[in-house]
Amino acid sequence: MRTSQGSKRQTLRQGVALMGLAMISAIPAFGQAQQVPIPEQPSTAPQIEILGTGVATLDLGRSRNSTPDGGKASGSQINISDSSLVVGAAQRLYKGGIGSLTVGGLALDQTNTGRGTQLFLHQAFADYQAQSLEAYIGRTDQPTAQIVTFPTLRGDDLVTFTNLLDPFSSGENVNEHRYSNVAAITLNQKLTTFENFHVQHLIESADTSRGPSTGTGLNSYGASIQHLGLPGLEAVEKYISYGAGYEHRSIGRTDGGSSEALYAGGVFNLKPSLVNLIDLRVLDNYTFGSNLRSFRGTPDTFRANANAITAAVRYLHSPFGKPAYQVSLTAGYKSYSRVSQAGSIGLALTGVKRLGDGFDVVAQYLYQHRGDALATAYGGAHEENAVQLGFVFNFDTLFNRSVGPRRSLLNLQHQYIPN
Amino acid sequence: MKPLRKKDKPQDVSRRQFMTGVAGAAGAGLLLGQAALPAWADGGSAPMDSPATPWLASFDADGTAPEYNPREMPKAGEVIHKFEMEVTIGIHEIVPGIKAHMFLFNGSYPGPTIRVQENEWVQIDLKNKSPENHTIHWHGMMLQNEMDGVPFGTQWPVFTGQGYRYLFRAQPAGTHFYHCHVMTTLHQQAGLVGALIVEAKEDIVKKTFPYTRDYTLLLSEIDTNWVNESLNEMVGMGMTMNAMNNDMKLMGEMNGRMMGWFQDKEAFLKSIKDGYTPAYMTSMVGPNRVITPNFFMINGKSYPMTDPLLIKKGENIRVRMIGGGMQPHYFHLHGHDFWHVCQDGAPLASPVRMNTIPIFPGTTSDIVIQGTNPGSWHFHDHSDLSTTNNGIHPGGMMTMLMYEDAEKYGVTFKDVIQTNS
Ligand SMILES: [Cu+2]
């Protein structure tokens, strides 16, 4: 979402002693304020945005999504993973830019919540936006995961196909493939074509040859280019979005050496329609440069050279122009170029029926099949089947609205106003 | 209002009677016959009987009837003023640093002032070059029903790229205005409003208070955030509709129900049975968007960018004030009383002396200020919420009455512009 700027923490430091008059001491009303470079009077209220997604399902069958160290936990479970709450604050700046801060947490999957690490900080970044430039620093979506998102129930379903995997991850927390610590600059032309240049710290949880890292040093960099269609016109436009990117990951020599990645994909409308929309998503993640020829454990499956292609067809039925239900089929195929018997396929058949604004009843069938080498690396299971039934509630509420979206139709179709 | 005094009898011959030469209304309590109505108005079924009235002589019980049959068309030799009005989306600057995307009539906000003589014909070709639908409603005009500019009420809204010709006789005289009547809350606030001045052939105000300078102050407010958000949504919907218009397959899906349009109540109820959900039903708390105006404008500008009213000692100026927004305003003039002379276009039975005048939404009030006290004087909404810019005082609906010859009378203090207090 990229909203938000640091609120006003510090209060009335100035204006304390006035000519020796007895003054009411200027202590912040709500506890001790945090140290900031320039204390701010709490007079300007920023725009506040609250986004929430609750995904609650009853999973029947093996349900470790695609968490690759799975295979041990079979049977049924209650699953609240991928539920998240995000708060943003945004403010206009003096010369027409927008400054924002976004912080949010996301529920981890069952195994991890069982261990008590329920929340994963998936968003915590500050962002500066001007008309032709955006810069952001902090924890947020990996830039490599921003080209295409798929219509699966959760963002981490089929993650080994849909995401460029974190070669430093132990595999226990699937969200390490989706979120990282990033510093990025994004240029754009007419707010339509975007070039993202970034450096990253991909989260290092694996016990690498250098030992597990607790630091946040840079271990990855890359660039991507993306074209976005007009917002709000997804039902009638043909090309919704498409893009491609390159990423370099600096992996130690004993872990296969540096890995390069190329990725490309897009979202296309097969049947533009307000009532019966059919669209297609395609994404290919291709990695090369690693010397690994076998898997010593789960993390090697994130490092070895591979190609993963994923496609999804989605049908959205919206009588009277309002979404009523959606059916989608997402399928992925992945193979490792230097490791044999390591191919895998994944399928997700997802149905969503809308009960009210933002509230859906959902059902999904997930299937994965892995070749011998991959199955061994993941603990032995060749096949996973799961049926998931549940509810999703999704909202996005703005308070104190005072910052318009940079990429609004008005800004795109008419002269740009920094608002 | 003050009671009528004998000498204040501007209307003992009403405009209408003056024009048609129908005598009558001479004494209080006189029952006026149908003859007092225009001939065209009396052909129908139930004639409008004039009531017996205890009101004063100047009161004309038939005074609200149009002078000419609104359903007539122009005859050879009659003057027709022709205007083109093009609606686009553009950028308007309210005060330095505050710009908003707005709907504009001929590129300006407010729209151009239309000024014609009473009973002349006005022809306006509306051309819609924006991605939304519009109409023009002629506020205060007694015109034929089809020219009233109410979408789905008197005409289809004018779609993108299309046009509509309005033709009406300018009656009655006075200060009026026009505005788009499609989603008025948004479209009028987003810019589609302008003044329509119909000059009387026999102007009782000018006769009583000879003046040369004539000012129009159109008052309006905007919630720039709400307008921005809503306009974006509307433009998206409009562009989607236009894409459907240009595609045979998509056109087949076009359905009034998507827009919340129904032939009648029965069709509406049937659609609900078929699964249609009216927008107001989706959440019982309603959308999280209350309209909170943050800028208050006189002729599209907020203080300090408002234009002053210029006057000289001994001069009369006429100021036409139009409630072109959605909030009432209470205009107060420092150092002077003024005469309230017309309301909603029509002359009052007698000028009323005041120094603070309420201007309610949709109303117009004409006042005459007499140059009696040289200096520079504040003229502003006394409901002080409206004298702010984004919550900061001073700003908004404030302007100055400025004597051009103040120095001559020893007033040397120069007005200072403030943007913060
Ligand atoms: Cu309109």
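The combined condition, being at pLDDT 95 or above and either away from the ligand (no atom under 14 Å from the Cβ) or more than 17 Å from the chain's Cα centre (by Cα) (or both), is fulfilled by B:Asn128. Condition check for B:His332 on (1) surrounded by fewer than 21 Cβ atoms within 10 Å (Cβ to Cβ); (2) part of a loop (DSSP other than H, G, I, E, B): one failure, at (2). In this structure, is A:Glu204 of a type in the set (D, E, K, R), touching a Pro at 6+ places or on another chain (Cβ under 9 Å) and within 14 Å of another protein chain (Cβ to nearest Cβ)? No: the conditions fail for A:Glu204.
Checking each residue in region B:131-159 for being under 21 Å from B:Lys82 (Cβ atoms) and within 16 Å of the ligand (Cβ to nearest atom) picks out B:His134, B:Thr135, B:Ile136, B:His137, B:Trp138, B:His139, B:Asp148, B:Gly149, B:Gln155, B:Val158.
Tallying residues that are of a type in the set (D, E, K, R) and within 16 Å of A:Leu121 (Cβ to Cβ) within region A:173-205 yields 3.
Applying a threshold of 6 Å to beta carbon distances and a minimum spacing of six or more residues, or different chains, the list of pairs starting in region B:191-211 at a residue that is within 14 Å of chain A (Cβ to nearest Cβ) and ending at one that is among the aliphatic types (A, V, I, L, M) and within 16 Å of the ligand (Cβ to nearest atom) reads B:Gly191/B:Met102; B:Gly191/B:Leu104. Of all residue pairs spaced 6 or more apart or on separate chains, those with beta-carbon atoms under 8 Å, a first member in region B:128-141 that is in contact (Cβ under 8 Å) with a residue 40 or more places away in the chain and of a type in the set (A, V, I, L, M, F, W, C) and a second member that is within 8 Å of the ligand (Cβ to nearest atom) and in a loop (DSSP other than H, G, I, E, B) are B:Ile136/B:Cys180; B:Ile136/B:His181; B:Ile136/B:Leu192. For region B:212-248, residues that are of a type outside the set (Phe, Trp, Tyr) and away from chain A (no Cβ under 14 Å) total 9. In region B:153-164, the residues that are more than 14 Å from chain A (Cβ to nearest Cβ) form Cβ pairs under 7 Å with partners that are away from the ligand (no atom under 12 Å from the Cβ) and part of a loop (DSSP other than H, G, I, E, B), at six or more places apart or across chains, as follows: B:Thr154/B:Asp148. The condition of being of a type in the set (Asp, Glu) and within 12 Å of chain B (Cβ to nearest Cβ) holds for only one of A:Asp372, A:Asp396, that being A:Asp396. Does B:Ile317 satisfy the criteria of being within 14 Å of chain A (Cβ to nearest Cβ) and under 26 Å from the mean Cα position of the chain (by Cα)? Criteria not met by B:Ile317.
Rundown of residues vs (1) more than 12 Å from the chain's Cα centre (by Cα); (2) within 16 Å of the ligand (Cβ to nearest atom); (3) at negative phi, yes/no style:
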| site | (1), (2), (3) |
| --- | --- |
| B:Gln171 | yes, no, yes |
| B:Gly174 | no, no, no |
| B:Tyr178 | no, yes, yes |
| B:His187 | yes, yes, yes |
| B:Val193 | no, yes, yes |
| B:Leu196 | no, no, yes |
| B:Glu202 | yes, no, yes |
| B:Phe209 | yes, no, yes |
| B:Leu219 | no, no, yes |
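A single member of B:Ile317, B:Ile369, B:Ile298 is surrounded by 20 or more Cβ atoms within 10 Å (Cβ to Cβ), closer than 21 Å to B:Gly140 by Cβ and out of contact with any Cys (no Cβ under 8 Å at 6 or more places or on another chain), and it is B:Ile298. So, B:Pro110, is that one within 11 Å of chain A (Cβ to nearest Cβ) and either surrounded by 18 or more Cβ atoms within 10 Å (Cβ to Cβ) or within 16 Å of the ligand (Cβ to nearest atom) (or both) or not? Considered against the rule, which asks whether it is within 11 Å of chain A (Cβ to nearest Cβ) and either surrounded by 18 or more Cβ atoms within 10 Å (Cβ to Cβ) or within 16 Å of the ligand (Cβ to nearest atom) (or both), B:Pro110 comes out as no. Across region B:133-148, the number of residues qualifying as in a strand (DSSP E or B) and under 14 Å from the mean Cα position of the chain (by Cα) comes to 3. If you filter region A:150-194 down to residues that are assigned to a strand (DSSP E or B) and not polar (S, T, N, Q), you find that the one that is surrounded by the fewest Cβ atoms within 10 Å (Cβ to Cβ) is A:Leu187.
The values are calculated or read from the model by the stated rules, or taken from the named source; none is laboratory data. The model shown is predicted, which means the values in this text are computed figures rather than measured ones. Positions of Cβ are generated from backbone atoms using ideal geometry, with glycine treated the same way; all protein chains shown enter the neighbour counts.
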